[in-house]
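Everything below concerns the one structure shown next.
The values are calculated or read from the model by the stated rules, or taken from the named source; none is laboratory data. Computed from a predicted model, the values in this text were never measured in an experiment. Positions of Cβ are backbone-derived with ideal geometry, glycine not excepted, and every protein chain shown enters the neighbour counts.
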Amino acid sequence: MKKGKVIIACQVMKPELDSLAGEDNSIEIRYLEYSLHERPKKMPKLLQEQIDIAEKYASQIVLGYGLCSNGVVGLRAPKQGLIIPKVHDCISLFLGSREAYDKIFRERPGTYYLTPGWVEAGNDPLGYMERDYVPKMGREMAEWGIKEELKNYTHIVLIDTKSRDMEPFRKVAKENAAFLGKEYEEISGSEDYFRKILFGPYDKKDFVILQPGEVMQLEMIL
């Protein structure tokens with residue numbers, strides 16, 4: 001028996017989606033680990049596994065993923081169809097629309113974005129330097145490596161999604177900006193896209209709507 005809507009999303013969106021979903025028992029949110037975006041070749045298989053599980057009981061399945069390095073390409077719509085945000089990556093979701101992201105990108109392409117979820121997971125530059133780089137290459141090389149990797153960025157921008165107390169995340173974001181020698185800025189995000197993921201409406205402007213049995217293709221988002 002079908003029990004309701006299932007959202008399959010990246011855990012980086014947990015603060016925003018949980019805050020908006022509240023006590024709505026008609027929606028189940030299944031989160032996949034943060035680091036999956038670093039292994040995009042594995043993403044389709046793992047996402048399809050979650051879709052296949054949800055297919056057995058969901059009335060509707062919606063992804064909390066954009067194109068994500070082609071990680072959603074090849075997914076097969078289950079019996080009830082599949083709905084996917086029409087964005088290249090999750091920053092558009094945090095800003096509320098693909099248009100909002102495109103506008104900022106045109107004005108200032110050298111922007112490294114942080115959100116509460118990314119900072120919480122330790123996926124800010126200093127966080128993953130300490131976790132991944134320092135143990136492998138030592139501190140001196142790790143610090144050189146992270147600065148070299150991000151040398152073309154000019155700004156560290158923290159997106160305030162209004163889902164958490166921002167002060168702890170602001171502190172970490174400013175530490176990153178100071179260490180990397182980047183300008184720090186904080187901008188307001190928007191809950192609009194997250195609200196649509198949870199509650200609709202699912203229009204063709206903002207979502208790829210796969211029919212039952214249809215396969216996700218790259219050109220559907222481009």
**Request:** Look through 167, 130, 140, 149 and report the one residue that is within 17 Å of residue 189 (Cα to Cα), acidic (Asp, Glu) and out of contact with any Ser or Thr (no Cβ under 6 Å at 6 or more places or on another chain).
**Result:** 167
**Request:** Out of the residues in segment 200-222 that are in contact (Cβ under 8 Å) with a residue 24 or more places away in the chain and part of a helix (DSSP H, G or I), state the one that is nearest to residue 72 (Cα to Cα).
**Result:** 218
**Request:** Kindly list, by first and then second residue, each pair from a residue in segment 7-22 that is over 19 Å from residue 59 (Cβ atoms) to a residue that is of a type in the set (S, T, N, Q) and buried (at least 19 other Cβ atoms within 10 Å of the Cβ), limited to pairs with Cβ atoms under 7 Å and residues at least 6 apart or on different chains.
**Result:** 12/115; 15/161; 15/163; 16/161; 16/163; 19/163
**Asked** Within segment 139-167, which residues are within 20 Å of the chain's Cα centre (by Cα) and part of a helix (DSSP H, G or I)?
**Response** none
**Request:** Could you tell me which of the residues 133, 101 is surrounded by 15 or more Cβ atoms within 10 Å (Cβ to Cβ), under 16 Å from the mean Cα position of the chain (by Cα) and modelled with pLDDT of 90 or more?
**Result:** 101
**Message:** With the structure loaded, tell me whether residue 65 is of a type in the set (Ser, Thr, Tyr), crowded, with 22+ Cβ neighbours inside 10 Å and in contact (Cβ under 8 Å) with a residue 12 or more places away in the chain or whether it fails that test.
**Reply:** yes
**Asked** Quick one: how many residues across segment 104-130 are at pLDDT 90 or above and among the basic types (Lys, Arg)?
**Response** 1
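Okay, residues lined up against (1) part of a loop (DSSP other than H, G, I, E, B); (2) closer than 24 Å to residue 205 by Cα; (3) more than 14 Å from the chain's Cα centre (by Cα):
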| position | (1), (2), (3) |
| --- | --- |
| 15 | no, no, no |
| 20 | no, yes, yes |
| 23 | yes, no, yes |
| 41 | yes, no, yes |
| 54 | no, no, yes |
| 61 | no, yes, yes |
| 69 | yes, yes, no |
**Message:** Tell me yes or no: at least one residue of segment 73-91 is touching a helix residue (DSSP H, G or I) at 6+ places or on another chain (Cβ under 9 Å), crowded, with 19+ Cβ neighbours inside 10 Å and under 19 Å from residue 180 (Cα atoms).
**Reply:** no
**Asked** Of everything in segment 25-39 that's among the acidic types (Asp, Glu) and not in a loop (DSSP other than H, G, I, E, B), which residue is modelled with the highest pLDDT?
**Response** 28
**Request:** From (1) assigned by TED's automatic domain parsing to the domain that holds residue 17; (2) part of a loop (DSSP other than H, G, I, E, B), pick out the condition that doesn't hold for residue 195.
**Result:** (2)
**Request:** Evaluate the following for residue 159: is it among the β-branched types (Val, Ile, Thr), within 14 Å of residue 104 (Cβ to Cβ) and either assigned by TED's automatic domain parsing to the domain that holds residue 18 or in contact with a helix residue (DSSP H, G or I) (Cβ under 6 Å, 6 or more places away or on another chain) (or both)?
**Result:** yes
**Prompt:** Taking segment 168-189, which residues are in a loop (DSSP other than H, G, I, E, B) and either surrounded by fewer than 18 Cβ atoms within 10 Å (Cβ to Cβ) or among the acidic types (Asp, Glu) (or both)?
**Reply:** 181
